[in-house]
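Working notes, beginning with the structure itself.
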Amino acid sequence: MMTNALPPPYRYAVYFAPPPDSPWWQAGSQWLGRCAAGQPLKPMPAINGFSDEALRQVTAAPRRYGWHATLKAPFTLAPGAEVAQLRAALQTIAASANAFEMPPLKVALLDDFLAIVPRTHSAAAEALAARCVMELQPLTAPLSATELQRRRQAPLSPAQDALLLRWGYPFVLDYFQLHCSLTGSLQHLNPQQVQNLQRAAEDWFANLPLCNFESLALFAEPTAGADFVLQEHFRLAA
């Protein structure tokens, strides 16, 4: 018998992502030039020294993943695991964690890319990210040899490589830093261009209200290499 059922997504990811009707989601999505919730967008910002196409090139890497901060990096479900189990695990985590106000946010240069980061560490965000990493791990498949090789292209310390093998991502637990990426690598730009981008980003996000961490967001990559899309929010306790 024929069926019209769609195949499951290639990968999932668990992110911090503001609600799609919030100022932070709209500002971040417009900066990236894509809304992972499928909403229409106004044009990307005009930045001194950058054509529209040049700006799309420097934001291409984060655009594919949507506006977010990673809690549990993209993963494939383990053999035999189902999305219903993943949803149930996220509901359990969300129901036992309280919503909280994020510290004030700022634009920063992290290694060779720009990102939005908290001005001070958020112990609540770090604890919630650690729970997502560890409690969802039984539902995730081990990384393929190809994915391990890709992850190891970035310089990793022995400790980070051990985290990659154990948890599927090297920048977790003690190496976790909450951030929303604004660009991909800027190594090909000159210092003035980087400065122009950073100043533009600071102006773009300057007047937004404080950001609340109210939910866990489940994203999916429908097929290998496709753009990630927002699937569902799991609200934290009040």
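For the range 181-192, a residue qualifies if it is over 17 Å from residue 44 (Cα atoms) and either assigned to a helix (DSSP H, G or I) or among the hydrophobic types (A, V, I, L, M, F, W, C) (or both), and the qualifying residues are 186, 189, 191, 192.
Can you name the residue in the range 211-228 that is surrounded by 17 or more Cβ atoms within 10 Å (Cβ to Cβ) and under 18 Å from residue 61 (Cβ atoms) and, of all such residues, is farthest from the chain's Cα centre (by Cα)? Full working, then the answer.
Step one: filter the range 211-228 for residues surrounded by 17 or more Cβ atoms within 10 Å (Cβ to Cβ), giving 211, 213-221, 228.
Still in the list and also under 18 Å from residue 61 (Cβ atoms): 219, 221, 228.
Working: 219: 9, 221: 12, 228: 10 Å.
Ranking the qualifying residues of the range 211-228, first place goes to 221.
Just so you know, in the range 142-165 the residues that are among the polar types (S, T, N, Q) and modelled with pLDDT of 90 or more include one that is surrounded by the fewest Cβ atoms within 10 Å (Cβ to Cβ), and it is 157.
Return the residue satisfying two criteria in turn: it lies in the range 13-39 and is aromatic (Phe, Trp, Tyr) and more than 20 Å from residue 222 (Cβ to Cβ), and of such residues it is surrounded by the fewest Cβ atoms within 10 Å (Cβ to Cβ).
Taking the range 13-39 as the starting set, the residues that turn out to be aromatic (Phe, Trp, Tyr) are 15-16, 24-25, 31.
Among the residues that remain, those that are also more than 20 Å from residue 222 (Cβ to Cβ) are: 16, 24-25, 31.
Details: 16: 23, 24: 21, 25: 23, 31: 25.
Checking each candidate, the answer is 24.
Name the residues in the range 143-170 that are without any contact (Cβ under 8 Å) to a residue 40 or more places away in the chain, outside any helix (DSSP H, G or I) and of a type outside the set (Ser, Thr, Tyr), would you?
So the first thing to find is which residues in the range 143-170 are without any contact (Cβ under 8 Å) to a residue 40 or more places away in the chain, and the list is 143-167, 170.
Filter once more, so that each one left must be outside any helix (DSSP H, G or I): 143-144, 152-157, 170.
143, 152, 153, 154, 155, 156, 170, listed by residue number.
Count of the range 212-222 residues, restricted to those that are part of a loop (DSSP other than H, G, I, E, B) and closer than 14 Å to residue 124 by Cα, is 1.
A search for C-beta distances below 9 Å between a residue of the range 119-141 that is free of Cβ contacts under 8 Å to residues at least 60 places away in the same chain and any residue that is β-branched (Val, Ile, Thr) and assigned to a helix (DSSP H, G or I), counting only pairs 6+ apart in sequence or on different chains, returns 131/93; 135/92; 135/93.
Considering 197, 182, 173, 208, the condition of being touching a residue at least 40 places away in the same chain (Cβ under 8 Å), more than 19 Å from residue 72 (Cβ to Cβ) and surrounded by fewer than 19 Cβ atoms within 10 Å (Cβ to Cβ) is satisfied by 208 alone.
Would you point out which residue out of 168, 184, 225 is in contact with a strand residue (DSSP E or B) (Cβ under 9 Å, 6 or more places away or on another chain), over 20 Å from residue 122 (Cα atoms), small (Gly, Ala, Ser) and at pLDDT below 95? Spell out how you get there, then give the answer.
Working: 184 fails: at pLDDT below 95; 225 fails: in contact with a strand residue (DSSP E or B) (Cβ under 9 Å, 6 or more places away or on another chain).
Going through 168, 184, 225 in turn, just one is in contact with a strand residue (DSSP E or B) (Cβ under 9 Å, 6 or more places away or on another chain), over 20 Å from residue 122 (Cα atoms), small (Gly, Ala, Ser) and at pLDDT below 95: 168.
Taking only the range 150-177 into account, find how many residues are over 28 Å from residue 105 (Cα atoms) and touching a Phe, Trp or Tyr at 6+ places or on another chain (Cβ under 7 Å). The total comes to 0. Of all the listed residues (205, 176, 219), the sole one being closer than 26 Å to residue 46 by Cβ and among the aromatic types (Phe, Trp, Tyr) is 205. Give the residues of the range 76-94 that are within 22 Å of residue 16 (Cβ to Cβ), touching a residue at least 40 places away in the same chain (Cβ under 8 Å) and of a type in the set (A, V, I, L, M), sorted by residue number. Within the range 76-94, 77, 83, 86, 89, 90, 93, 94 meet the criteria.
Out of the range 52-91, which residues are of a type in the set (A, V, I, L, M) and farther than 18 Å from residue 28 by Cβ? Outline the logic, then answer.
Residues of the range 52-91 of a type in the set (A, V, I, L, M): 54-55, 58, 60-61, 69, 71, 73, 77-78, 81, 83-84, 86, 88-90.
Answer for the range 52-91, where residues must be of a type in the set (A, V, I, L, M) and farther than 18 Å from residue 28 by Cβ: 54, 73, 77, 78, 81, 83, 84, 86, 88, 89, 90.
With the condition kept exactly as written, say whether any residue in the range 191-204 is within 20 Å of the chain's Cα centre (by Cα), modelled with pLDDT under 95 and farther than 25 Å from residue 91 by Cβ. No, the range 191-204 has no match at all.
The values are calculated or read from the model by the stated rules, or taken from the named source; none is laboratory data. Worth saying up front: this structure is predicted, and the values here are computed from it rather than measured. Positions of Cβ are generated from backbone atoms using ideal geometry, with glycine treated the same way; all protein chains shown enter the neighbour counts.
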